[in-house]
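Here the structure is laid out as structure tokens; the discussion comes afterwards.
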Amino acid sequence: MSGDDRLRELMSRPAPGEDAAGERSLDSARAAFAGHVPRGSHRGVRLGVALVAASMLMLATALTPVGAAVGAWIRDAGGRLVGADDPEPAAQLPASGRLLLNTAGRGAWILDENGSRNKVGNYSEASWSPGGLYLAATDTDGTRLLALTPAGKVRWSIRPPVSTNGMADPDEMPVDDPRWAPSGLRIAYLAGPSIRVIDGDGSNDELLAEEISPVPGAWRPGEDANVVSFVTDRGQIVTANADSGQELWRSAAREKFVQLEWSADGQRLAAVTSDELRILDGEGTSLRRYRLATDHPLAAFGEVHEVAFAPAGSALALTRERGGGAVSEVLLIDSLKPAQKPKPLFSGSGLIASVSWAPDGEWLLVANDGAGEWSFLDVSDPERRRVFADTPRLLGSRPSLPAVSGWCCREPPSP
Amino acid sequence: MASDDAITIGSTRLAISARAGPYRLPMAGNDRATRAALRSAQAGSANGVEELFRLHWPKAYRAAYLVVHDCAAAEDIAQESFLAAIRALDRFDRRRPFGPWLHRIVVNRAIDWSRSRSARREVGEVIAPDRGEADERSRAAVYSDELTTALSALGPEQRAVVVLRYLLEYTPGEIAQMLELPRGTVNSRLRRGLDQLRVALEAHE
């Protein structure tokens, strides 16, 4: 046995007191879970802001006409706009459209631009269809895939079959991450270790590939065919025609990718690992790599967390964090100009969970879960921003941090 | 970039085999069991939390113990780290790796604890590893005196690097990220730490 192997073997044994400590700690964990409340690192700040907002609310209501929306944005003493301090604070959007929100234990919700909220239902992993006509979602058990209207009416639901590779334990095979194709005709979703594609009307549910990494499939816009990219469990990116099953290209590199996203014109693919962002062209050729190791000569960032292409053009928003979320930043990259320096848009404390572009491409929603607040940034003038500082109570008095699934278009007019 | 192993199937939609290459990378993000447990816990299931605990407690506790060499402190550190995880459950992205996130908290807290203890202890005082209460399983095969004694000769930062490498199986690059150190520093701490450990372990043979 080599020295390294011996060391591994020695360390793999139980530690003294491991089991007894584990039993005590599990009791604590159970108790904490039974009464857990999302903890914001800015609880004190939020309280302070709420007090300021309350006083500003009194001033605002004194000056505004009776009947004006109490939930309107209020500017605090620091010049930021914050939500009103009421049991269900309203969050108006600075641009048109609707936010789709997923919560843990409280289902899927839609937040309209005027601040009104409606619960779609007790679903998970909800995502928009093109044009915001429908939603794809899973049930909370992760066993069914559904298509719904934004009002919550179920159009169809299916229970995907067990994967043919022998992994028959449904607990280990959740249905996850449904994504509508830009054509609106297909939905790609994960079913355990496989990726499947189904028609938008719920027919023709078929297996596309097995032995897949749990990374949501990314549809490529601008194609006549329905083309989707996914990651194998060997870390390769595969881009395939979902209609014919034809593989178009496969990356040579094998990496632990956690996110794929195509640009709006389908010409560039952003592929994210925990320490690197790669920009690939439409044929899978690597154009640019942003390495994140602190001692690398090309190092520019801390840990990349999330990327989002603008709804049009070549801009890419990128979040990064340092110190385990102690400091988070949002940068803007022009994916057509890889040599150009990234433009800083946002910097603050707390962990950024997501960035979402407004449908008009002029605003960016930064969901700072660590601080329990949303910052809406004017992309052309990042100093101009609006902040909603009470996201944990956005959906009611019971604290819940909603995850932003997407910022889509206005509700289409009724026929 | 056309792949040499592209698969052309024809007009009918068939499954693409994802197999390519002779080896398999560790799953990106979480293993299936952790992902299922996270999903269950995030949906409000206590069973999901317990499963998450069962999957990750052993290594979290062992990592803490190997850095601090104190059962009570290891229990506090590992327990507090899990409680931090439970508090963050609602916003945790299941695609992100839970294990590394938890281990980063555990090891950084363990380093801090060890530094504090070093600052408090008298010069020349020797800290004997605390072997704690001997539960049944740990009587059968616990860390040997040779390992714990050998590790205690290293500083806490060196112990942390060795534990992250040999117990938790992280690469030097991943360790550099977790501890926010230059990769060169991680490599040199590993080298020096292993040199000292080999000498200490060989002395027991």
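Here are a few things to note about the model shown:
- Residue in the stretch A:262-269 that is over 24 Å from residue A:224 (Cβ atoms) and of a type outside the set (Ser, Thr, Tyr) present: no
- Selection within the stretch A:371-397 - in a strand (DSSP E or B), over 16 Å from residue A:112 (Cα atoms) and of a type outside the set (S, T, N, Q): A:373, A:377, A:378, A:385, A:386, A:387
- Of the helices (runs of 4 or more DSSP H) lying entirely inside the stretch B:150-205, those containing at least 2 residues that are away from every other protein chain (no Cβ under 11 Å) are B:156-166, B:183-204.
- Lone unmet requirement of (1) farther than 22 Å from residue A:389 by Cα; (2) at pLDDT below 90; (3) out of contact with any Ser or Thr (no Cβ under 7 Å at 6 or more places or on another chain) for residue A:353: (1)
- In the stretch B:51-61, residue farthest from the other protein chains (Cβ to nearest Cβ) [restricted to those that are surrounded by fewer than 24 Cβ atoms within 10 Å (Cβ to Cβ) and either hydroxyl-bearing (Ser, Thr, Tyr) or over 11 Å from residue B:82 (Cβ atoms) (or both)]: B:55
- Among residues of the stretch A:215-246 being within 11 Å of chain B (Cβ to nearest Cβ) and without any contact (Cβ under 8 Å) to a residue 24 or more places away in the chain, the one that is surrounded by the most Cβ atoms within 10 Å (Cβ to Cβ) is A:232.
- Evaluation of residue A:254 against (1) surrounded by 15 or more Cβ atoms within 10 Å (Cβ to Cβ); (2) at pLDDT 85 or above; (3) within 14 Å of chain B (Cβ to nearest Cβ) (one fails), failing number: (2)
- For residue A:263: the one exception among (1) surrounded by fewer than 18 Cβ atoms within 10 Å (Cβ to Cβ); (2) at pLDDT 90 or above; (3) of a type in the set (S, T, N, Q): (1)
- Being modelled with pLDDT under 70, at the interface with another protein chain (Cβ under 7 Å from one of its Cβ atoms) and surrounded by fewer than 19 Cβ atoms within 10 Å (Cβ to Cβ) is true of residue B:6.
The values are calculated or read from the model by the stated rules, or taken from the named source; none is laboratory data. Note that the structure is a prediction, hence the values are computed from the model and not measured. Heads up, the Cβs are rebuilt from the backbone with ideal geometry, glycines too, and the neighbour counts pull from every protein chain shown.
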